[in-house]
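A.B. asks: Following this message is one structure expressed as C-alpha cells.
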Amino acid sequence: MNHFDQAFLGEHREMEARLEGLEELAGGGHWDKAAEIVARQKAHLVHHIDVEERIVYPAFETVADDEGRRTLAFLRKRHQELPVFFDELADAVAAHDHQDVQDTLQTLLRIVADHHATEERDVFPLFEPESRLQAVGERAASELEGAV
Ligand SMILES: [Fe+2]
Ligand SMILES: [Fe+2]
C-alpha cells in the first residue's frame, strides 16, 4: 500500500472499526473504555479533518470541475457535522444510555461510511502515486501521521 493510502485509508478503516466496536463495549457496560475510545477517535477525527481542509481539499479544488466542486461542498458540510455527532455520542456514553448510544452510533456509522466512500471514490484518486496531485498527497500523508 502506498504512503497516501496507508495514512488516509488506514485512518478511515480504523475509525469505522473503532465505532463498530463501541456497540459491544456499551452493551457490556464498559463505559469507561467506551468513553476513552470516543475521546481518542474524536481527536483523530479533528486532526484528520484539519489536514483534509488545509491540504487535500484546496488542492482538489484547483483541478475540480463543477461536479467536483459540488462534491467538495457536501464533504465540507459533513466536516462541520461529524464532530457534533461525536459530542452527542460522548454525552450518550457519559449518561450510560445504551439505547441513545445505539441510535447515535447508527447514524454516525452511516454518515462516516458515506463520507469515506465519497472521498475515496471522487477525491483521493488524484493524490495517488502517478497522479496529478501526487506531491500534495505525499505532504498530506506526512502531516496526517505527524500528530495525535
Ligand atoms: Fe473527510
Ligand atoms: Fe477522510
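A.B. asks: For segment 3-145, what is the largest minus smallest coordinate of the Cα atoms on each principal axis, given in angstrom and ordered from greatest to least?
C.D. replies: 48, 28, 19
A.B. asks: Considering only the other residues whose Cβ falls under 15 Å of the Cβ of GLU130, what net charge follows from Lys and Arg at +1 and Asp and Glu at -1?
C.D. replies: Net of charged neighbours comes to -2.
A.B. asks: If you take every residue apart from ARG110 with its C-beta less than 13 Å away from the C-beta of ARG110, what net charge results, scoring Lys and Arg +1 and Asp and Glu -1? Walk me through the numbers before you get to the answer.
C.D. replies: Numbers: positive: ARG78; negative: GLU16, GLU20, GLU81, ASP103, ASP114.
Spelling it out: positives minus negatives among the neighbours equals -4.
A.B. asks: Report the dimensions of segment 101-148 along its three principal axes from the alpha-carbon atoms, largest first, rounded to Å.
C.D. replies: 41, 26, 9
A.B. asks: While we're on this one: So what is the relative contact order of the chain, in percent, for Cα pairs below 8 Å that sit 6 or more residues apart? Working shown, then result.
C.D. replies: On the way: 114 pairs, mean separation 59.8, N = 148.
Value for the chain: 40 percent.
A.B. asks: What does the charge count around GLU52 come to, taking other residues whose C-beta lies under 11 Å from its C-beta (Lys +1, Arg +1, Asp -1, Glu -1)? Walk me through the numbers before you get to the answer.
C.D. replies: Numbers: positive: ARG54, ARG76, ARG78; negative: GLU11, ASP50, GLU53, GLU119, GLU143.
Charge balance near GLU52 sits at -2.
Each reported figure results from applying straightforward, stated rules to the coordinates on display, with no laboratory input. The structure presented is a predicted model; accordingly, all values stated were derived computationally and were not measured. A quick note on method: Cβ atoms are made from the backbone with ideal geometry, for glycine too, and the neighbour counts reach across all protein chains shown.
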